[in-house]
Each structure stands twice: as structure tokens, then as C-alpha cells.
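Chemist: Structure incoming, see below.
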Amino acid sequence: MHKTTHALLVLVILVIPQASAKRNDDVVIMKNGDRMTGEIKKLEEGELYFKADYMLDAVKLDWARVERLESKDQFNVTLTNGKLLTGNVKKKASEQADIPDFSIVEEDSALFVRRREVVRITPVEDSVWKQLTGSIDYGFSYTGGSPATTQSSLSADVTYRAEKWSISANGSSVFNAQSGANNTGRNTLDAQYARFLTERWYAGVLMQLLNSQQQDLTLRTAEGAGIGRVFKRTERSTFGLLTGLMFSRENYTPGLGSNTRVNNAESVFQLRYSRFRFKKAQFDAEIYSYPSLSTLGRVRMGGQTALKFEIFRNFYWKFGVYENFDSHPPVHAPRNDFGTSTSFGWTY
């Protein structure tokens, strides 16, 4: 690692503000009259995580059934309109759903909103690492007999959200082996930087890496930018579209044709529907289409979906499906790459 990189890391650590110790006198009162005093851990997907001194682990409370809430700690609060605010939080009792009953107090100002407009609440932590959210999962299967088959899958994602921007990355690796046949595999890495322009609009920068033995693709690197729009954001789901331009460089397995290195300009259409949650299940889906601008008639399209079931605390079981289709590969290679995986994972 270069000296400049070391210096930047040290600088980041030094400038991160230090937060005071978390309080344990937060108050939550449920609609049935139950009163608890302890520490608010977070709110996400309609569930309030709360831990009292007498609890071994944090419990999940239905956010719709919380009557009152009050804390003297600082929290980051994400609203359905996309705003991220920081301050003390308080929810008062209200008989009417349309009356603002939740407040975020920032120094000398306060914003009042309705409970259902609050998507996420997270403590203001003392380091960037503690504000990261994401998951990691791994799956392995073996089938004996003739032929014997083995499948291994690994995936992970991470997100950091600031007031005016966010950065996220996700990667996956799938390996399939079958006796008497060639091994196949697929490796991906996607990253996105988003700068929020308004409550619903953002500018995004994309970077993608793909290696697919199924499609004889040694490596595709792609970079691009676009404009995104969030059509719907609630405490349980998000739906949006990103459009823009992307430039890619493809390197195919030698011997498949005369042109195994290809540069391509493409338009981008990414449709995302994420984090739709039932009681203990979560569904994420992404569909994309990249019509080529440099090779007319060529379209890359596909998608990936994942269904997660919570097993215990932050541990889950996941079933995933991915599809990658190329209408006109530049070489004599398979047009389709399809697969499924099952795995166990952990969210943080």
C-alpha cells in the first residue's frame, strides 16, 4: 500500500468525530400500556429494536404499535421523502394518523412528521465502520453419485449513507464442479455512488466487474453515470429507476473468434425493488437492460432476485436466482448465464 494511502487512512480516522457513550434511559411506551426503559438500537423495516438492562438481547417491537418514544441521544433519521436528519427523537401519543406525532430536534430547530414517514432510525456512532450496513452469506452443496456435483456460493454487500450522498458495493462468487465435465463459475462486483439532488432524484456513478465461465467471458469492466428516481419509499419497501450511459471493455476466451477484445458504449436502465418485508421474510429484486449504442441490435439484459427468511436474530437463509442474457455476443459464446443458489448469512 502506498504511503499516500496510509496517510489518507490516518486522516480519516483523525477527523471522525467522537460520540459520547450511549444512554440507557430511552423510554418506549406501547399502545397496550407496556412501558420500557433502556436503549433504542435502531428502527428498520417497521421494527424498533430495543434493549433494556434486564434483557439479554434486543427485542423487536412493531413500530405501528409504539404509542410514545423519547430519547436524549442523537440519531440519524431517514424519512420516506429521502431526507436524512440528525437530532434527538420523540414520539408523542396521537389518536389521528394524519397528525404529525414524531419530532427530530436539531439544536434550535425541530421537524415534525408522521410516524409512518419514518423509514429508519440509527444511532450516531463514533466511527464510520459502525455506520456501515450490509450482509454476508455462504452456501455449499454436494450431490454424490455419477456424476458428482459440487456448488459453492459467496456474496456480500455493504452500504454507507451520509446526509447528501451514499456509497454501496456488492459482490458474489459462484463455483460449480461436476465430475466428467468442465467447471463453471461466475464472479461479480458492483459499486455505486449516489449524490442526492432532491428528495426523489439523485445522480449516480456506476462501476461493474463480471467474470463468467458459462459465457466464456474472461472479464468485463464497465463504468458509467446516470440519473435516478425513487418512485416509492416506505418503511418496508423501495422502488426506483436509474438511467444513463455506460462504457465497457470485454475480454473473451481466446480462440472463440477473431475479436476477443471489445469496447462497447451502452445505455443503462436499472429497475430496483428492494427490501419488501413480510413478518420474517425479505424480497429483493433488480432488473436491468443495457442496449448497445456502438453495436446496433445488441442488448444485454438480466436480473437477480433473493428471498431471505430470518432464522435467529440477524441470521437468515437465502434463496437466490440470477440471469444474464446477451442477444449478440461479439464471439461464438453462449448467450445465457442462469443459476440459483441457497446460502446462510448474517446482517450487520
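Each row is one residue, and each column tells you yes or no for (1) surrounded by fewer than 17 Cβ atoms within 10 Å (Cβ to Cβ); (2) in contact (Cβ under 8 Å) with a residue 12 or more places away in the chain; (3) not assigned by TED's automatic domain parsing to the domain that holds Leu206.
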position: Gly255; (1), (2), (3): yes, no, no
position: Ser294; (1), (2), (3): yes, yes, no
position: Met301; (1), (2), (3): yes, yes, no
position: Phe309; (1), (2), (3): yes, yes, no
position: Val331; (1), (2), (3): no, yes, no
position: Pro334; (1), (2), (3): yes, yes, no
position: Phe338; (1), (2), (3): yes, yes, no
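Chemist: Kindly establish whether Ile40 is modelled with pLDDT of 90 or more, outside the structural domain of Arg200 (by TED's automatic domain parsing) and under 21 Å from Arg275 (Cβ atoms).
Modeler: For Ile40, the condition - modelled with pLDDT of 90 or more, outside the structural domain of Arg200 (by TED's automatic domain parsing) and under 21 Å from Arg275 (Cβ atoms) - is met.
Chemist: Out of the residues in region 106-130 meeting the condition of being out of contact with any helix residue (DSSP H, G or I) (no Cβ under 6 Å at 6 or more places or on another chain) and modelled with pLDDT under 80, tell me which one is farthest from Thr347 (Cα to Cα).
Modeler: Looking at residues that are out of contact with any helix residue (DSSP H, G or I) (no Cβ under 6 Å at 6 or more places or on another chain) and modelled with pLDDT under 80, I get Asp108.
Chemist: Also, I was wondering about something else. Would you point out the residue of region 85-105, among those that are at pLDDT below 90 and acidic (Asp, Glu), that is farthest from the chain's Cα centre (by Cα)?
Modeler: The selected residue is Glu95.
Chemist: Can you name the number of the only condition in (1) hydroxyl-bearing (Ser, Thr, Tyr); (2) at pLDDT 85 or above; (3) more than 28 Å from Arg200 (Cα to Cα); (4) surrounded by 11 or more Cβ atoms within 10 Å (Cβ to Cβ) that Tyr54 fails?
Modeler: (4) is the only condition that Tyr54 fails.
Chemist: Suppose we filter region 215-242 for residues that are touching a Phe, Trp or Tyr at 6+ places or on another chain (Cβ under 8 Å) and in a loop (DSSP other than H, G, I, E, B); how many remain?
Modeler: Of the residues in that region, 4 qualify.
Chemist: Just one of (1) of a type in the set (Gly, Ala, Ser); (2) more than 19 Å from the chain's Cα centre (by Cα); (3) not assigned by TED's automatic domain parsing to the domain that holds Thr238 trips up Gly82, so point out which.
Modeler: (2)
Chemist: Output the number of the condition that Arg220 fails; it satisfies all remaining conditions of (1) under 25 Å from Ala281 (Cβ atoms); (2) surrounded by 18 or more Cβ atoms within 10 Å (Cβ to Cβ); (3) among the charged types (D, E, K, R).
Modeler: (1)
Chemist: A follow-up question, please. Is one or more of the residues making up region 204-219 among the charged types (D, E, K, R), touching an Asp or Glu at 6+ places or on another chain (Cβ under 9 Å) and either more than 28 Å from Glu47 (Cβ to Cβ) or in contact (Cβ under 8 Å) with a residue 12 or more places away in the chain (or both)?
Modeler: Within region 204-219, none of the residues are among the charged types (D, E, K, R), touching an Asp or Glu at 6+ places or on another chain (Cβ under 9 Å) and either more than 28 Å from Glu47 (Cβ to Cβ) or in contact (Cβ under 8 Å) with a residue 12 or more places away in the chain (or both).
Chemist: Still on this structure: Restricting attention to region 106-116, which residues are buried (at least 16 other Cβ atoms within 10 Å of the Cβ) and either more than 20 Å from Glu47 (Cα to Cα) or in contact with a strand residue (DSSP E or B) (Cβ under 6 Å, 6 or more places away or on another chain) (or both)?
Modeler: Result: Val113, Arg115.
The values are calculated or read from the model by the stated rules, or taken from the named source; none is laboratory data. Every value quoted in this text rests on a predicted model; they were computed, and no experiment measured them. Here Cβ is always computed from backbone atoms with ideal geometry, including for glycine, and neighbour counts include all displayed protein chains.
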